[in-house]
Every structure is written in C-alpha cells, then in structure tokens.
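For reference, the structure discussed in these notes is given below.
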Amino acid sequence: MSDSIVVTSKLATGQRAALEQLLFFNANQHRVRLGIQQSIATYGVPEIYEHDGGLRVRVGDIPGVQTLFALCEAGRPIGVAVFVRLAHERFVVLHLGVEPEPRQRSTMDVNTPVLLKLMHEIRSAARRTRGVDRIELVYKERHAVRLNV
C-alpha cells in the first residue's frame, strides 16, 4: 500500500472536507487526546486556510508552519502532518492526522504505512535542512518524543 501513497505539500481546495475529517474529526484522536490538548495549549489551534489555490494549515501565530499531505491513488488525503522549525536545531511535529487502516475500519487501527511515509518525509526534510538534528513529536502525554535526524 505504501507504494501508492503520494506525499505532497499541496492539496486541492475541493479536499477541504476530507482534510477537516483528518484534522478535527479523526476517529483515532481519542488515543492522543492529551497530546493534542497540550499541543494546542502550547502552540495554538490549527486552522485550514486557502493559499495560492490550495489548502494549508496554520497553527496559532507561529510563522513558517509547513504541512505535508499523504494522498491515496485517487488523490484524496489519507494523512496530514503539520510541523515547524523551532529553534535552530529542531523540527516540531505539531499535529498528525491519519485515516484508519482501510481493511480495519471496524477496529480503527492506525494506518501505519501512511504514518511512516509522512514521518519519513519530515525526516528527509530535516536532513536537508542545515542545523536541524532532531524531530520532536508533541503528542505524548508527559513529554515530547525526540527523534535524531
């Protein structure tokens, strides 16, 4: 399945409802609810907006927020990652939304291939960015997870 996943920074405006579903009404958000609340309290509320004919996500007043979308073969978003470079040496993943595994919708299992593809792309971007040596995921209950680049 991961071969058919395309990751892009552009999403058509016609996909707003699907993006809202991933970000705001995700069936798995209960699993990381405390992390979501902590991210919102620390960084701000994510907001979908239109820019240059496509959709993007901003978070509070933080400049430089970037968004990656994982798309299925039909072009529908099945994953979203919102991140920013904070300080000189780190990327912080502010929000992640992944559609449940298609074959497992009744159990709402996490779609691991989509999650891994998004994280791989963020890690690749971090490696290409001078000075960045780690990625932090803020969806942990007690403290952020730090991944070395």
Note down the nm distance, to one decimal, between modelled labels 7 Å out along Cα→Cβ at GLU73 and at HIS30. 3.3
In nm, to one decimal, how far is the ALA17 label point from the HIS120 one, both placed 7 Å along Cα→Cβ? 3.2
Counting only residues 5 or more places away or on other chains, whose amide H sits under 5 Å from the amide H of ASN111 once H atoms are built in the peptide plane? GLU101
Helix-only mean residue ellipticity at 222 nm, the chain, DSSP H runs n ≥ 4 weighted -39,500 (n - 2.57), per residue, nearest 500. What is it? -8000 deg cm²/dmol
What is the set of long-range amide H partners of ARG90 at a cut-off below 5 Å, with H atoms built 1.01 Å from backbone N? ASP133
Under the Karplus curve 6.51 cos²θ - 1.76 cosθ + 1.60, θ = phi - 60°, whole-Hz ³J(HN,Hα) for region 14-27, x wherever Gly or Pro sits: x, 9, 4, 4, 5, 5, 4, 4, 5, 7, 10, 10, 5, 5
Contour excess over end-to-end distance, with Cα ends at SER9 and HIS88 and 0.36 nm allotted per residue: 26.2 nm
In Hz, Karplus ³J(HN,Hα) per residue of region 114-125 (6.51, -1.76, 1.60; θ = phi - 60°; x = Gly, Pro): 5, 4, 5, 5, 4, 5, 4, 5, 5, 5, 4, 5
Mean Cβ count within 10 Å, highest first, over the residues of peptides 32-42, 77-87: 77-87, 32-42
Lys/Arg Cβ at +1, Asp/Glu Cβ at -1, dipole of the chain taken about the Cα centre: which of ILE135, GLN29, HIS120 is farthest positive-ward? ILE135
In the chain, what percentage of the DSSP-assigned beta bridges are antiparallel, given to the nearest 5? 90
For the chain: rounded, prolate or oblate by the Cα gyration tensor [a/c cutoff 1.5]: rounded
Relative to the Cα centre, what is the charge dipole magnitude of the chain, using +1 at the beta carbon of each Lys and Arg, -1 at the beta carbon of each Asp and Glu, and rounding to the nearest 20 debye? 380
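Computed from the coordinates by the stated procedures, all read-outs in this text should not be read as laboratory data. What you see is a predicted model; the values in this text were computed from it and never measured. All Cβ positions, glycine included, derive from the backbone under ideal geometry; neighbour counts span all protein chains shown.
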